[in-house]
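Here, each number is a calculation from the coordinates, and none is a lab measurement. For clarity, every value in this text was computed on a predicted model and none was experimentally measured. For neighbour counting, all protein chains shown are included, and Cβ atoms are generated from backbone atoms with ideal geometry for every residue, glycine included.
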Amino acid sequence: MGSYEAAYRLAETDPEYFWLVAARGITWNAFPKQALDASEAPIFRWFPDGALNTCFNAVDRHVLAGHGERNAIIYDSPVTDSKRTVSYTELLDQVSRFAGVLSNLGIGKGDRVVIYMPMIPEAVVAMLATARLGAVHSVVFGGFAPAELAARIDDAAPKVIVAASCGVEPSRTIAYLPLVDEAISLSQHKPAATVVFQRPELVAQLHDGVHDWADLLAVAEPHDCVSVQATDPLYILYTSGTTGKPKGVVRDNGGHAVAMQWSLGNVYDIGPGDVFWAASDVGWVVGHSYIVYAPLIAGATTVMYEGKPVGTPDAGAFWRMIDEYKINALFCAPTAIRAIKKEDHEGALIANYDLSSLKALFQAGERLDPDTYHWATKHLKVPVIDNWWQTETGWPIAANLRGLEPMTIKPGSPTVAVPGFFVHVVDGEGKQVAPGVEGSIVIKLPMPPGTLPTLWGNDQRYIDSYLSTFDGYYTTGDGGMIDNEGYVYVLGRTDDVINVAGHRLSTGSMEAVVASHPLVAECAVIGVQDQLKGQIPRAFVVLKSGSEIDPVQLEKEIVQSIRNEIGAVASLKEVVIVPALPKTRSGKILRRTMRGIADGRPEAVPGTIEDVRVLDAITPLLKSTKA
Ligand code: COA
Ligand code: AMP
């Protein structure tokens, strides 16, 4: 039996032993005597009697162990033409003092802090300082508009918001304080204070209730770590669901710390002193887990890159980074590699750099298409490792475990279920299907440490959204199959969540915005295939009878309202007027059928003549693209 199989079986037959051994990788104030608490099943908690502080594990313990001079963070920002490193000693100083700032603003154990910041080290400082106080952070991705930020403020009810004065995109500098002000004016809940980190690219005009990060820091005393129960929340991360209202995924302290430490070594084969670069954003789960917590808890060096894979200055940007910082593993979304491949198809720029430090390229966030896999394998000459997971799980559900036991790669598959995740494919009735047969991918409960225990303040929504379709299983929302060697294949979402350039978005929330246009009678937004971004949203609208508008003008207005209400990141660029939308007898729009036609994969056509007529009428429009 190989190491993988032994670990997988042990996690299944004796999870108490398996996870208590894994827990030894963490420094506890009270080592847990128990791993799993199933007393409130189907809500499970891990390490109920353990106590710790996550920030202590990510920072202090490395300084105490004599590694203070090691780089904790390498920051490289081609969009602002700046670079700097932060050692573990410097990080400890900044984090403990910023924890003092937050404490002076009234933040204590259990209080929430919303963080709306770009990819700068201060975002990590704000996250860790919140964790240091036993408080709960909720980081909101900078590409979201004020209305989205307001929805998160209302749900998380933070006492304080921490922001930067601006974000810098290659095409523009975005002033953040006006966005925060607008969000607060839209939200019911009003935070007591806002702290702004001033960036030289755009200095914010502060007003009442808004404080300058540097001013507060200058007078703050360093604050020590506050011990919390393993089951206390560390963060809330909002993600798109099937309805417009984002779901507040809760992450606990203890299970999360154990999962981060275990996965960085066993999945990514990264340990203390290694340089790990997750080219994502702190606003997404990949950023939380593999820019911030896992590398720092493990005592590695993490890389924060503020820029794009192409155009800053060219498609060699990623290879320059690997060479300059001797990066051992790069983790990014396939869309980033597709963007590079589009600009430098022959990989000519790669030859300009020494990539000998690189041991592997990890890919996640969306399906790794075989073309991208082959291109990267050929040109980078390292294993290209797909891994599948989601905001809710916090770490890989299926992976090729490079540290535990590397396996043969099958293009199109993220390889096997990770120990602790018991993955099955079921049909509509919840019956397990045979190998190679497609169905819904589900995970047997309980899921391992580090996965969501619930949704913020809403156990019932957690149960309804994830646990009620198939009894005893967590529904991932992904469809796929498992082959006869246990390789998992993830083929796409079964709900209305789409994945645009590695960014998870809800077509439901886009439909709500499109439907609010005064001339729109009804609409459907579906994700269609896109060569660069994987998927892009396309809106189909039926106009109210008698309405007249220039289609170009309508498109302009709807695109703008999506940017205003959701954010530029939604990338809605196309609005198509159709005479009618195909529906079921009960009036449900046939989005799946529309998606199938748009992608050239027509599937079971609905029953009535009327449906067929509607579909015939809109088929050419579904297939049309301006790309
Ligand atoms: N703040 C403000 N605006 C943002 C933003 C942020 N943090 N991030 C993106 N945006 C804006 C962009 O400026 C762009 O605006 P525009 O329509 O006015 O040009 C829009 O949102 C769409 O951005 P994006 O999807 O990033 O598209 P792009 O064309 O700028 O870049 C890629 C395309 C593929 C290069 C880029 O999406 C990429 O690198 N993706 C990887 C994503 C990733 O790592 N995801 C995490 C999962 S691992
Ligand atoms: P997020 O919660 O933003 O991480 O998005 C999670 C979703 O992205 C999953 O449910 C999948 O639909 C998709 N996804 C992530 N990684 C992969 C992968 N390796 N292969 C296929 N789909 C993926």
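For the chain, the residue among Ser413, His288, Val542 whose Cα projects farthest onto the positive side of the dipole built from Cβ charges is Val542. Exposure proxy for His207, His67: other Cβ atoms within 10 Å of each Cβ, ordered fewest to most, give His207, His67. With K and R counted +1 and D and E -1, the other residues having a Cβ less than 13 Å from that of Tyr353 yield a net charge of -2.
In this rough spin-label picture, where each label sits 7 Å from Cα along the Cβ direction, the Lys109-Asp49 distance is 1.8 nm. Within the set of other residues whose C-beta is less than 13 Å from the C-beta of Pro295, count the net charge using Lys and Arg as +1 and Asp and Glu as -1. For residues surrounding Pro295, the net value is -1. Taking a ≥ b ≥ c as the square roots of the Cα gyration tensor eigenvalues, with a/c under 1.5 meaning rounded and otherwise prolate when a/b beats b/c, else oblate, which class fits the chain? Note, shape of the chain comes out rounded.
Computed from the C-beta positions of Asn484 and Leu621, the FRET efficiency with R₀ = 45 Å rounds to 0.60.
Maximal additional length on extending the Asp208-Leu532 stretch stands at 112.2 nm, based on 0.36 nm per residue less the C-alpha distance. Extension gain, Ala38 to Lys342: 0.36 nm times the residue separation minus the Cα-Cα distance gives 104.5 nm. Loop-located GluC sites (Glu not before Pro) in region 322-391 (DSSP state not H, G, I, E or B) with no more than 12 neighbouring Cβ atoms inside 10 Å: Glu346.
Taking Cα pairs under 8 Å and at least six residues apart, what relative contact order does the chain come out at, in percent? In percent, rounded to a whole number, it is 12. Exceedance of the 30 Å cut-off in Cα-Cα distance is limited, within the set Lys359/Lys431; Lys190/Lys588; Lys431/Lys573; Lys83/Lys247; Lys247/Lys410; Lys159/Lys247, to Lys359/Lys431; Lys190/Lys588; Lys431/Lys573; Lys83/Lys247; Lys247/Lys410. Using θ = phi - 60° in the Karplus curve 6.51 cos²θ - 1.76 cosθ + 1.60, the 3J(HN,Hα) couplings for region 45-52 round to 10, 10, 6, x, 9, x, 9, 6 Hz; x is entered for Gly and Pro.
One Cα centroid belongs to region 74-99, the other to region 521-588; the line between them spans 42 Å. With θ taken as phi - 60° and the Karplus curve 6.51 cos²θ - 1.76 cosθ + 1.60 applied, the whole-hertz 3J(HN,Hα) list for region 279-296 is 7, 10, 9, 4, x, 10, 5, 4, x, 4, 6, 10, 9, 9, 6, 4, x, 6 Hz, x standing for glycine and proline. Amide H contacts for Lys583 (H built 1.01 Å from N in the peptide plane; partners 5 or more residues away or on another chain; cut-off under 5 Å): Leu590.
Using alpha carbon centroids, what distance separates region 373-412 and region 223-301, in Å? Region 373-412 and region 223-301 have Cα centres spaced 19 Å from each other. Sum up the charges of everything whose Cβ sits under 13 Å from the Cβ of Ala230, counting Lys and Arg as +1 and Asp and Glu as -1, but leave Ala230 out. With Lys, Arg at +1 and Asp, Glu at -1, the neighbours total -1. Mean separation of Cα pairs under 8 Å and 6 or more residues apart, divided by the residue count, gives region 1-131 a relative contact order of 16 percent. Estimated at 0.36 nm per residue, the fully extended path between Glu182 and Ser547 surpasses their Cα-Cα distance by 128.2 nm.
To the nearest 0.05, what FRET efficiency results for Lys556 and Lys410 with a Förster distance of 35 Å applied to their C-beta separation? Computed FRET efficiency for Lys556 and Lys410: 0.20. Listed from fewest to most Cβ neighbours within 10 Å, the set Leu177, Leu581, Leu149 follows the order Leu581, Leu177, Leu149.
Farthest towards the positive end of the charge dipole of region 224-274, among the residues Tyr238, Cys225, Met260, is the Cα of Tyr238, using unit charges on the Cβ of Lys, Arg, Asp and Glu. Adding -39500 (n - 2.57) for every DSSP H run of four residues or longer, then dividing by how many residues the chain holds, sets the calculated 222 nm ellipticity at -8000 deg cm²/dmol. Shape class for region 380-424, computed from the alpha carbon gyration tensor (a ≥ b ≥ c): prolate, with a/c not under 1.5 and a/b above b/c.
Using a 7 Å offset from the Cα along the Cα-to-Cβ direction at both Lys573 and Ala351, what is the distance between the two label points in nm, to one decimal? Distance between the two pseudo-spin positions: 3.2 nm. Farthest toward the positive end of the dipole of the chain, out of Leu505, Ser77, Gly450, is the Cα of Leu505, where the dipole comes from beta carbon charges about the Cα centre. Is the C-alpha gyration tensor of region 498-623 telling us rounded, prolate or oblate? Criteria: a/c under 1.5 is rounded; beyond that, a/b larger than b/c is prolate, otherwise oblate. Oblate, since a/c reaches 1.5 and b/c is not below a/b. Of the residues Met260, Met1, Met321, Met481, the one with the fewest other Cβ atoms within 10 Å heads the list, and the complete ranking is Met1, Met481, Met321, Met260. Charges were assigned to the Cβ only: +1 to each Lys and Arg, -1 to each Asp and Glu. The resulting dipole of the chain about its Cα centre is roughly 460 debye.
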